[in-house]
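S.K.: Shown below is the structure under consideration.
The values are calculated or read from the model by the stated rules, or taken from the named source; none is laboratory data. Since the model is a prediction, treat every value here as computed from it, not as a measurement. So basically every Cβ, Gly included, is an ideal-geometry build from the backbone, and we count neighbours across all protein chains shown. What goes into the accessible areas is simple: the full protein's heavy atoms, side chains included, and nothing from ligands, DNA or RNA. Shrake-Rupley method; radii C 1.70, N 1.55, O 1.52, S 1.80 Å.
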Amino acid sequence: MATLSVKPGQRFSVPDWHTNSRFISADAERQRSASHQVRQEARALRNETNNQAKWDEHDTRTRLSERISSVNRWKETLDKCIADVDAEMEALGKVKEEAERALQAKNLALDVSIECLTLRESRRAIDVVQDPVEEELHKEVKVIEKAKRDLQHKVHEAFDQLCHLQEARQQLSLDHRCKTETLEIDRGCLSLDVNCPNISFKVNPTRIPVGSTTLDEWEQNSRSNKEHAEAEMKASTGLREATMLTIAQTNNELEAQRVATEFALRKRIRDMERAYDELQWQEQNTLEEIAEVEEDIRCLEEDLRRKMQDLKVAHTRLETRTYRPGMDLCRDQVQYGLTDEVHQLEGSIRALRLKLAEAQDAWNALHRQLHRIQTDIGYKVNSLSLDKKCMDCRRKLLVPAEKYTPEFDTFNRTTN
């Protein structure tokens, strides 16, 4: 009888088999639980990191926007400050030029005073006296020399202040250029995102660059530049006011001394000068009256031309209305009105022609009178020539050098 063959090896019992199955199931449960935990933690981490990245990027954009606004505000402040410095430099430059012109004008006044003193040295015999005119002329020379020293000092101060303003402006311009470049960089950074083609990893991007400053130092630098420029502008404004005051004071002192000197000179002029002044006044009034008469003549001629044109219109209307046909050729109100208008215009033209003739007669009479006045003035000028030499010399102080023509021969000198 045949028998079953038994395979060699270890044999497990049924309980072992059940135990192994339960172990495998329990191990699978644990692995799935661990995997589920890992998946949940991974999802939580993804959510956390995504949110953190989004908020960090949002915070960075906010900080960049705020920084751009802050830099832009300072840039606008520097723009205004630079414009104010430019305006102050231009104003100070004009005041400096005015002081230089005033200083140059004092040369002519000094020349005139010395020329008057030289002219009076030509006096002879008993007339060589130390009179009030000579004393006033010597005072005038001292006043002019003091005024020149004061004005020269102000010109030097204005030049130095312009240099200080230029230095302050250069500092502002440098700060302004830096902020302009910073705005371009920060705006470029603000425009970057993950889709930009020019993003990449950098070597040690978190390093602190050499020469970095703190925010307080950055703001203090801009504030210091602004305050320095404002201080220089304030000093420039004070200098401008002081310079204008010096110009006014020197001009007033010189004018007062000029008036005193010329008053002393006028005391030497006799009664003939009053007659000369009266004739000049009459000449001026006559010239003004001639101008007014000429204007009235022009207006009369214009009115006369207009009245002639109006009369032509009225005549044309009357003539044209004579061609109305049939019963429409009636003497209506228009006909009476045009007839009255013609009579009125003819009367106005006669009156205007009469008044124009009278005005032309008056114009001719004024010109004859003006000729008599100017002839008499020539006589008076000839009589006053000797006493007017110094006064004519001092006329250079009131008339521009390029327009001055001496009325009396004194001695040769330069225009400047």
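S.K.: Taking Glu241, is it open to solvent by 40 Å² or more (accessible area, probe 1.4 Å) and within 29 Å of Leu398 (Cα to Cα)?
M.R.: When the stated conditions are applied, Glu241 passes them.
S.K.: Continuing with this model, one more query. Got at least one residue in the range 289-298 being among the small types (Gly, Ala, Ser) and more than 30 Å from Asp79 (Cβ to Cβ)?
M.R.: Yes, because at least one residue in the range 289-298 is among the small types (Gly, Ala, Ser) and more than 30 Å from Asp79 (Cβ to Cβ).
S.K.: Follow-up. Could you say which residue among Glu341, Glu288 is open to solvent by 60 Å² or more (accessible area, probe 1.4 Å) and within 30 Å of Arg266 (Cβ to Cβ)?
M.R.: Glu288
S.K.: Another question, then. Out of the range 214-229, which residues are surrounded by 15 or more Cβ atoms within 10 Å (Cβ to Cβ) and of a type outside the set (S, T, N, Q)?
M.R.: Scanning the range 214-229 gives Trp218, Lys226, His228, Ala229.
S.K.: Would you confirm, using the coordinates I've provided, whether Thr180 is modelled with pLDDT of 85 or more and either open to solvent by less than 70 Å² (accessible area, probe 1.4 Å) or in contact with a His (Cβ under 8 Å, 6 or more places away or on another chain) (or both)?
M.R.: The answer is yes for Thr180.
S.K.: Follow-up. Identify, from the list Arg73, Arg67, the residue that is touching a residue at least 60 places away in the same chain (Cβ under 8 Å) and open to solvent by 60 Å² or more (accessible area, probe 1.4 Å).
M.R.: Just a single option satisfies the conditions, and that option is Arg67.
S.K.: Go through the range 87-118 and count every residue that is within 16 Å of the chain's Cα centre (by Cα) and open to solvent by less than 60 Å² (accessible area, probe 1.4 Å).
M.R.: The total comes to 7.
S.K.: Using the structure shown, decide if Ala291 is of a type in the set (Gly, Ala, Ser), closer than 21 Å to Leu366 by Cβ and out of contact with any Ser or Thr (no Cβ under 8 Å at 6 or more places or on another chain).
M.R.: Yes, satisfied.
S.K.: To continue, here is another question. Ala42 is checked against (1) modelled with pLDDT of 85 or more; (2) open to solvent by 80 Å² or more (accessible area, probe 1.4 Å); (3) among the small types (Gly, Ala, Ser) and fails just one. What number does that condition carry?
M.R.: (2)
Residues checked against (1) open to solvent by 50 Å² or more (accessible area, probe 1.4 Å); (2) more than 24 Å from Ala105 (Cα to Cα); (3) polar (S, T, N, Q); (4) not in a helix (DSSP H, G or I):
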position	(1), (2), (3), (4)
Glu167	yes, yes, no, no
Asn195	yes, yes, yes, yes
Glu232	no, yes, no, no
Leu245	yes, no, no, no
Thr250	no, no, yes, no
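S.K.: Given the conditions (1) outside any helix (DSSP H, G or I); (2) within 46 Å of the chain's Cα centre (by Cα), and given that Arg324 satisfies all but one, which numbered condition is not satisfied?
M.R.: Every listed condition holds for Arg324 apart from (2).
S.K.: Also, quick follow-up: Which of (1) under 30 Å from Thr237 (Cβ atoms); (2) touching a residue at least 40 places away in the same chain (Cβ under 8 Å) is the odd one out, the single condition Gln170 does not satisfy?
M.R.: Every condition holds for Gln170 apart from (2).
S.K.: Let me ask you something else. Does Ala351 count as surrounded by fewer than 16 Cβ atoms within 10 Å (Cβ to Cβ), within 43 Å of the chain's Cα centre (by Cα) and in a helix (DSSP H, G or I)?
M.R.: The answer is no for Ala351.
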